[in-house]
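Engineer: Below: one structure in structure tokens.
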Amino acid sequence: MRGGMDKAEIYSKLEDEARSRASGERNPIANAANFAALMWALLPDINWAGFYFKKGRWLVLGPFMGKPACTRLQVGLGVCGTAVAQSQTLIVPDVHNFAGHVACDITSNSELVVPLFKYSTILGVIDIDSPLLGRFDEADAKGIESLARLFILRSDDVT
Ligand code: SME
């Protein structure tokens, strides 16, 4: 892991830095932009990290780091759309085995999608892609779920 840090240390640092960046700022775009930059800086072996925000039956691209991505995903389709439709985090070890996976970048092999919950309403997702197979596990899911809660708590008018 990066700089010899294990996942617990990485997610603790990510959370601390995100909390500090979001203190005194409640604009969702500003906070999402910094959260994406922090994920990009701290998480090893990823090729995309960012946000999609829910607008009706669409997930619309928000701040991210990585190559330009699909601007609009349909709820119920692909990994992001399925996570929203099922109201749950999805860890996909091999995206090529996920029916309906939307390949924004052909070098992505595994993916983690975490819904942004405000109470029981989903306002969007955090999506992370990796060129490695099986890059994400339960520790990553818990770490990003915690980041998602922090984002929602610290941001106004997300959609
Ligand atoms: N792979 C995602 C699409 C978004 S990109 O990975 C950035 C999906 O299947 O929903």
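Every read-out reported here was derived from the displayed coordinates using simple, explicitly stated rules and does not represent laboratory data. These numbers come from a predicted model, not from an experiment. Virtual Cβ from ideal backbone geometry, glycine too; neighbours counted across all protein chains shown.
Engineer: Take the residues of the stretch 37-70 that are within 10 Å of the ligand (Cβ to nearest atom) and assigned to a loop (DSSP other than H, G, I, E, B): which is surrounded by the fewest Cβ atoms within 10 Å (Cβ to Cβ)?
Structural biologist: The selected residue is PRO68.
Engineer: Which one is surrounded by the fewest Cβ atoms within 10 Å (Cβ to Cβ), of the residues in the stretch 71-111 that are more than 9 Å from the ligand (Cβ to nearest atom) and assigned to a helix (DSSP H, G or I)?
Structural biologist: That would be ASN97.
Engineer: Something else about it: Pick out the one residue from VAL114, VAL125 that is more than 11 Å from the ligand (Cβ to nearest atom), part of a strand (DSSP E or B), among the β-branched types (Val, Ile, Thr) and crowded, with 23+ Cβ neighbours inside 10 Å.
Structural biologist: VAL114
Engineer: Let me ask something else about it. Pairs please, first residue from the stretch 34-50 and within 13 Å of PHE151 (Cα to Cα), second anywhere and away from the ligand (no atom under 16 Å from the Cβ), Cβ atoms under 6 Å, 6+ apart in sequence or on different chains.
Structural biologist: Pairs found: ASN34/ARG21; PHE35/ALA18; PHE35/PHE151; LEU38/LEU14; LEU38/GLU17; LEU38/ALA18.
Engineer: So which residues in the stretch 128-144 are more than 16 Å from LEU61 (Cβ to Cβ) and surrounded by 17 or more Cβ atoms within 10 Å (Cβ to Cβ)?
Structural biologist: Of everything in the stretch 128-144, those that are more than 16 Å from LEU61 (Cβ to Cβ) and surrounded by 17 or more Cβ atoms within 10 Å (Cβ to Cβ) turn out to be SER130, ARG135, PHE136, ASP140, ALA141, GLY143, ILE144.
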